[in-house]
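Presented below is the structure to which this report refers.
The values are calculated or read from the model by the stated rules, or taken from the named source; none is laboratory data. The structure displayed is predicted, hence computed values, not measured ones. Cβ coordinates were reconstructed from backbone atoms using ideal geometry, including for glycine residues, and neighbour counts include every protein chain displayed. Ligands, DNA and RNA are excluded from the accessible area calculation, which covers all protein heavy atoms including side chains. Shrake-Rupley method; radii C 1.70, N 1.55, O 1.52, S 1.80 Å.
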Amino acid sequence: MAVKIAKPDTHKRSYSFLELDNGLKAVVGSDPECDTAGAALCVNVGMCHEKKDLPGLAHFLEHMLFTGTKKFPKEGEYHEFIQQNGGMANAYTTCYFTNYMFEVKPDMLEQAVDRFSRFFSEPLLTRDCTDREINAVDSEFQAGLTSPWWRYVGIMNMSANPDHPFHVACGNNKVLKDEPKERGVDLYDEMKALYDATYSANGMTLCIVGKEDTPTLEAMVRQAFSGVPNKDITMPIGDCVSDKPPFLPKDWNRLLLQNPVKDVKELSFCWVIPYQAPNWKTKPSQYISHLLGYEGTGSVISVLKQKGLISGCTSGDGAWLEGAFSLMNVNFDLTDKGLSNLTEIGTHLFTFIGLLQKLPVEKWIAEEIM
C-alpha cells in the first residue's frame, strides 16, 4: 500500500516511504538545494532491554558499534571520513531506543551511507576497544554528575519498581568494568549477546535527506540496508513491557527534596500516564500540556507570577524516558518567596486542574496546537 506523506504547501522537499524486504522502514527526503545531507537510524533497543545487573550495557554497545566494519575495518575510519567531508556523526541511547545519525556534504552522501549501513549488517565490535569505550562512557557519566536533569533522572531511577524493566543507566567504570570483573562476567561477551539478540532490521527505522531525487535515494537505501539481518524480533512497548507497574504508590506519591549543586530553585509535579505514542494523531497529552502551560490572563501561571511566587513555568512529557509509560510534567521556576510557599503553588495548580476536568474538550484548541 502506498504511503502519502503529508507536508505543508510551503515545504519544498519531496518525500517517500519504503519498507525493505527485511522489515526495515525508511523515509527519504529530496532537497536539490540542500547544503548538508544526512541520515539517522533508530533501533528499538535501549537501556531497559539490558540486564539490570549490567547498567549501561546498551550505551556501551552504542559506543562499540563504531569501532569498524568488515569493509572498513580501520578503527576511526568512519569518523575521519565524515569530518573530512564537512560533517559530524553522533549517537545516543534512551530507555527504549538508540539513535545513530550523521550529516555530510551532499556529494558524499552515498559513500557515507555505505559506511553507516555496515554498522548494522557487519560490525566488527572490536574487543580490543572495550576498555577505551568503557572509559568514554564513564566520561559521559562524570560530566552529568552536576546536571540538574541527570540528578532528576537519578531520582526517577531510584523511585522505579524493581520488578519492572524500567531503569536509567549511562554506565561508568564501576558498573561496567570493576563489578563485572569481580563477578567473573565478560562485559564484551554480554555486549555482543545484546547486539545479537536485539538488533534486527524489522526494529529499525531510517531517514535520509539528500539532493538526489526520491527514486535515487530509495535505491540508495535498498542497496545499503537490504543486507541488515531480520531476526524477526518484536520488542515490547507500552503496556506490553510488563504486567507490573513502573512505579509503586509508596515510592511515587510523595514529595522529594533534592539538594542542588547549582543555583536552581524549581518545583516539579510529575504524573505517570499510559504510553502516549499510539495517540500521535489526537495528541491528548499535548492538549493538556498546552492548557497547563498557558500563560494568558486568568491562567494559573499568570496568577502565580502576579503573586511573585514563580518566574516561569514549562510543561511537557517524559522525553526519552518514555516507552513503557508516559509522563506529564509541570515545572515551576521559583522565586525566593515561592520557595517558602510550595503548598500555595500546589493548591493553585490542582484547583486549576480540577477546573479543567469539569470542562469539555474544545475543538478549536485541539486544532490550534496540531
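Details
- Filter result for THR146 (more than 25 Å from PRO246 (Cβ to Cβ) and open to solvent by less than 60 Å² (accessible area, probe 1.4 Å)): no
- Selection over the stretch 243-252 of residues that are within 12 Å of PRO162 (Cα to Cα) and open to solvent by less than 70 Å² (accessible area, probe 1.4 Å) gives a count of 5.
- Counting only helices (runs of 4 or more DSSP H) that sit completely within the stretch 21-122, those holding 2 or more residues that are buried (at least 23 other Cβ atoms within 10 Å of the Cβ) correspond to 57-64, 109-117.
- Where a residue in the stretch 208-235 is at positive phi and its partner, wherever it lies, is not hydroxyl-bearing (Ser, Thr, Tyr), with Cβ under 7 Å and at least six apart: ASP232/ASN202
- Single residue of the stretch 114-167 satisfying the filter (without any contact (Cβ under 8 Å) to a residue 24 or more places away in the chain and within 18 Å of the chain's Cα centre (by Cα)) that is nearest to VAL261 (Cα to Cα): SER147
- Close pairs (6 angstrom Cβ cut-off, 6 or more residues apart or separate chains): more than 16 Å from ARG118 (Cα to Cα) in the stretch 69-91, open to solvent by less than 80 Å² (accessible area, probe 1.4 Å) and part of a helix (DSSP H, G or I) anywhere: ASN85/MET108
- For the stretch 191-207, a tally of residues being open to solvent by 60 Å² or more (accessible area, probe 1.4 Å), in contact (Cβ under 8 Å) with a residue 60 or more places away in the chain and part of a helix (DSSP H, G or I) returns 1.
- Residues within the stretch 218-237 that are open to solvent by 50 Å² or more (accessible area, probe 1.4 Å), at pLDDT 95 or above and part of a loop (DSSP other than H, G, I, E, B), tallied: 6
Every residue, every condition in (1) over 27 Å from ASN157 (Cα atoms); (2) modelled with pLDDT of 95 or more; (3) small (Gly, Ala, Ser); (4) touching a Leu at 6+ places or on another chain (Cβ under 8 Å), yes or no:
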{"site": "PHE325", "(1), (2), (3), (4)": "no, yes, no, no"}
{"site": "PHE332", "(1), (2), (3), (4)": "no, yes, no, yes"}
{"site": "ASN341", "(1), (2), (3), (4)": "yes, yes, no, yes"}
{"site": "TRP364", "(1), (2), (3), (4)": "yes, no, no, no"}
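- Residue that is farthest from VAL241 (Cα to Cα), among those in the stretch 253-302 that are open to solvent by 60 Å² or more (accessible area, probe 1.4 Å) and aromatic (Phe, Trp, Tyr): TYR294
- For CYS240: the one exception among (1) open to solvent by less than 80 Å² (accessible area, probe 1.4 Å); (2) of a type outside the set (Lys, Arg); (3) in a helix (DSSP H, G or I); (4) closer than 30 Å to LEU20 by Cβ: (1)
- Extreme residue, surrounded by the most Cβ atoms within 10 Å (Cβ to Cβ), among residues of the stretch 123-141 that are among the charged types (D, E, K, R) and more than 24 Å from VAL228 (Cβ to Cβ): ASP138
Table: residues versus (1) in contact with a strand residue (DSSP E or B) (Cβ under 9 Å, 6 or more places away or on another chain); (2) assigned to a helix (DSSP H, G or I).
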| site | (1), (2) |
| --- | --- |
| THR130 | no, yes |
| ILE134 | no, yes |
| SER139 | no, yes |
| THR146 | no, no |
| TRP149 | no, yes |
| TYR152 | yes, yes |
| ASP163 | no, no |
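- Tabulated pairs, the stretch 5-16, first in a loop (DSSP other than H, G, I, E, B), second modelled with pLDDT under 90, C-beta under 9 angstrom, 6+ apart or interchain: ARG13/LYS7
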